[in-house]
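The values are calculated or read from the model by the stated rules, or taken from the named source; none is laboratory data. This one's a predicted model, so the numbers in the text were calculated from it and none came from an experiment. No Cβ is skipped: glycine too gets one built from the backbone with ideal geometry, and neighbour counts run over all protein chains shown. We work out accessible area using only protein heavy atoms, side chains counted, and drop any ligands, DNA or RNA first. Shrake-Rupley method; radii C 1.70, N 1.55, O 1.52, S 1.80 Å.
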Amino acid sequence: MTKERKVYSRVVCIGAGIAGIGLAIQLQKRLQCRDIHIYDRNASPGGVWAVQKYPGVACDIPADFYSFSFTPDAEWTKFRPGGEEFEGYLQGLATSYGLWPLITFKTECESATWIADASQWLVTLRDLATGQQFQHTCDVLCVATGQLSVAKIPPIPGLQDFRGPVIHTASWNRQINLTAKRVAVIGNGASGSQLVPEVVLESSSVLHIFRSAQWYLPPVQVPYGPVIRWILRNVTFARKLLRFLIFVVAELAFRGSSLTGRAQRTRQRWQQNAKHYMRSLAPVKYHDILIPKYDLGCKRPVFNSGYLQCLHSPKVEVLAQNVEVIADGIICQEKVFPVDIIILATGYATNRAIGFPIRGCNGEVMDDHWDSIGGPSAYGTIAVHGFPNLFLVKGPNTVTGHTSAILVAENVIQLILSVMKPVIQGHASTVEVTAAAEVAYSKKIQAASRGRVWYSGCASWYIREDGWNGTLYPWSQVYCWWFSLFPKWSDWRFTSNKETMPQ
């Protein structure tokens with residue numbers, strides 16, 4: 001049933017995850033604008049942390065770095081806490097900054113269309129609980145759905161014929177009972193490697209299936225006892241200093257991602273250490289299939305959270321081969337493995353267009369625009385020519401393999417607010433990146449990407465099959481911060497009847 005209703009706000013943001021929450025807070029703090037409404041298809045804020053509920057879920061970035069710089073009083077129970085703590089942190093921010101009334105949950109964006117005559121966006125949405133469709137107009141549209149929002153389902157032969165439950169880690173069913181069950185886990189990235197040690201504890205057997213090896217690194221854990229927490233809470237600048245030190249270490253590690261001889265020698269040292277670590281913990285029978293043949297960094301490495309150790313359990317069997325699913329099991333090399341439950345730890349679909357159609361000037365669809373320039377791309381990762389007053393908060397090339405996603409979001413939001421400011425304050429009607437600036441930035445980012453280890457010979461979710469990088473940021477976050485802090489105004493075009501314009 002469709003019920004027509006229209007609403008208006010100065011800004012609409014699609015997505016109430018890290019990027020959406022950060023944008024809404026900074027919009028209030030820096031531009032004194034609270035006229036924003038956020039829509040999210042989930043039932044609570046938090047983005048991936050609102051849906052990632054599988055056993056063992058955790059972030060691989062230290063919590064004091066995986067948090068906003070404007071919340072220095074955030075307290076954590078561990079150096080790298082679990083997913084529930086991150087979700088609680090983001091929900092706490094929504095409460096502290098009064099965001100709950102500004103968010104409508106269980107609502108999906110179906111389309112967005114630029115109305116040139118009004119210099120506004122018309123956003124069409126659907127209430128997932130009632131099925132009712134409605135529209136929301138705004139002067140500025142922000143898309144904060146992120147790169148990790150659509151679960152990737154692998155094309156495994158026979159998967160649709162399996163009679164038991166098939167669960168993806170991105171939509172975990174907490175009612176599922178793994179006790180005494182024969183479980184197959186497909187995928188060995190961060191989610192699969194975190195999940196398997198937990199599944200082993202409950203199930204009768206675990207069949208772990210993956211296509212390619214991963215580099216496993218020792219987890220960096222600092223005990224957060226009462227003394228450490230007291231120091232971070234009471235000693236001036238202690239938490240900021242810790243955050244800065246983590247940032248420096250991460251940026252220094254990024255130097256090893258280039259394809260220069262010096263960086264390659266650095267990676268070789270890291271790889272030797274990683275090999276020794278993996279061999280010291282994993283069963284000898286699995287060494288050949290566990291240790292990668294590609295350079296460390298070509299894929300995102302995985303911090304070992306008990307995975308290598310759990311492979312010694314007689315309940316675990318590892319298959320690094322193509323498989324076929326049948327009604328009650330898995331077939332590999334003509335051998336049948338009976339299975340009761342299949343868990344897909346296969347991550348998200350990346351290097352893709354936004355999940356709903358966006359029509360800009362002259363009705364151009366963003367997907368078509370991106371096809372015309374080679375793939376998903378955005379100037380400064382935030383703007384696309386032909387789509388005025390539209391900002392991508394976690395758009396193309398905002399993923400990093402070495403640092404905090406929240407740091408990236410803060411840098412990007414800094415640039416968005418600077419460019420958005422004339423429109424929010426009424427000094428301009430529209431703002432749009434120039435075509436020349438967009439194309440030049442796209443070419444620059446693709447060229448820079450080719451000089452990174454991601455192109456050294458492995459296949460990963462970082463890079464599209466045709467070689468297009470619409471996912472990773474190829475420079476340091478120091479450069480991202482500088483680029484975002486000082487906009488190049490000649491790359492932007494404003495329309496206004498007023499004289500006050502950025503120079």
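Return a yes/no flag: does the range 275-288 have any residue that is out of contact with any Gly (no Cβ under 9 Å at 6 or more places or on another chain), of a type in the set (S, T, N, Q) and not in a helix (DSSP H, G or I).
At the first step, the residues of the range 275-288 found to be out of contact with any Gly (no Cβ under 9 Å at 6 or more places or on another chain) are 275-288.
From the residues that got through so far, the ones that are of a type in the set (S, T, N, Q) too are 280.
Adding the requirement that they be not in a helix (DSSP H, G or I) leaves none.
So far as the range 275-288 goes, no, none of its residues is out of contact with any Gly (no Cβ under 9 Å at 6 or more places or on another chain), of a type in the set (S, T, N, Q) and not in a helix (DSSP H, G or I).
Would you pick out the residues in the range 151-165 that are within 17 Å of Gln52 (Cα to Cα) and either in contact with a Leu (Cβ under 7 Å, 6 or more places away or on another chain) or without any contact (Cβ under 8 Å) to a residue 24 or more places away in the chain (or both)?
Narrowing the range 151-165 to residues within 17 Å of Gln52 (Cα to Cα): 151-153.
Scanning the range 151-165 gives a single hit, Ile153.
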- Task: Can you work out which of the residues in the range 365-405 that are in a strand (DSSP E or B) and in contact with a Cys (Cβ under 9 Å, 6 or more places away or on another chain) is farthest from Thr495 (Cα to Cα)?
- Result: Leu392
- Applying the selection to the range 299-340, what residues are within 20 Å of Pro154 (Cβ to Cβ) and assigned to a loop (DSSP other than H, G, I, E, B)? Lys299, Arg300, Ala320, Gln321, Asn322, Val323, Ala327, Asp328, Gln333, Val339, Asp340
- In the set Arg493, Arg464, the lone residue that is at pLDDT below 95, of a type in the set (Lys, Arg), surrounded by fewer than 18 Cβ atoms within 10 Å (Cβ to Cβ) and not in a helix (DSSP H, G or I) is Arg464
- the range 167-191: number of residues that are closer than 26 Å to Trp215 by Cα, in contact with a strand residue (DSSP E or B) (Cβ under 6 Å, 6 or more places away or on another chain) and buried (at least 20 other Cβ atoms within 10 Å of the Cβ): 7
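Could you list all residues from the range 199-237 that are hydrophobic (A, V, I, L, M, F, W, C), open to solvent by 40 Å² or more (accessible area, probe 1.4 Å) and farther than 21 Å from Ser280 by Cβ? Explain how you work it out, then say what you get.
Our first condition is that a residue be hydrophobic (A, V, I, L, M, F, W, C); within the range 199-237, this holds for 199-201, 206-207, 209-210, 213, 215, 217, 220, 222, 227-228, 230-232, 235, 237.
When the remaining residues are screened for being open to solvent by 40 Å² or more (accessible area, probe 1.4 Å), the result is 201, 220, 222, 227-228, 230-231, 235, 237.
Answer for the range 199-237, where residues must be hydrophobic (A, V, I, L, M, F, W, C), open to solvent by 40 Å² or more (accessible area, probe 1.4 Å) and farther than 21 Å from Ser280 by Cβ: Leu201, Val222, Val227, Ile228, Trp230, Ile231, Val235, Phe237.
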- Item | Restricting the range 477-489 to residues that are without any contact (Cβ under 8 Å) to a residue 40 or more places away in the chain and open to solvent by less than 80 Å² (accessible area, probe 1.4 Å), the residue that is farthest from Gly386 (Cα to Cα) | Tyr479
- Please find, within the range 333-350, the residue that is nearest to Ser205 (Cα to Cα) out of those that are open to solvent by 20 Å² or more (accessible area, probe 1.4 Å) and among the hydrophobic types (A, V, I, L, M, F, W, C). Phe337
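Going through Ala24, Ala43, Ala58, Ala16 one at a time, which residue ends up being out of contact with any Cys (no Cβ under 9 Å at 6 or more places or on another chain) and buried (at least 23 other Cβ atoms within 10 Å of the Cβ)?
On the way: Ala24 fails: out of contact with any Cys (no Cβ under 9 Å at 6 or more places or on another chain); Ala43 fails: buried (at least 23 other Cβ atoms within 10 Å of the Cβ); Ala58 fails: buried (at least 23 other Cβ atoms within 10 Å of the Cβ).
The match here is Ala16.
Tell me, which residue of the range 70-80 that is open to solvent by 20 Å² or more (accessible area, probe 1.4 Å) and either of a type in the set (Val, Ile, Thr) or in contact with a Lys or Arg (Cβ under 7 Å, 6 or more places away or on another chain) (or both) is farthest from Ile21 (Cα to Cα)?
Thr77
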- Task: Name every residue in the range 253-280 that is surrounded by fewer than 17 Cβ atoms within 10 Å (Cβ to Cβ), in contact with a helix residue (DSSP H, G or I) (Cβ under 8 Å, 6 or more places away or on another chain) and without any contact (Cβ under 8 Å) to a residue 40 or more places away in the chain, in order of residue number.
- Result: Arg255, Arg279
- Enumeration of residues in the range 141-185 that are touching a Phe, Trp or Tyr at 6+ places or on another chain (Cβ under 7 Å) and at pLDDT 90 or above: Leu141, Cys142, Thr169
- Query: Out of Gly158, Gly164, which single residue is open to solvent by less than 20 Å² (accessible area, probe 1.4 Å) and out of contact with any helix residue (DSSP H, G or I) (no Cβ under 8 Å at 6 or more places or on another chain)?
  - Reply: Gly158
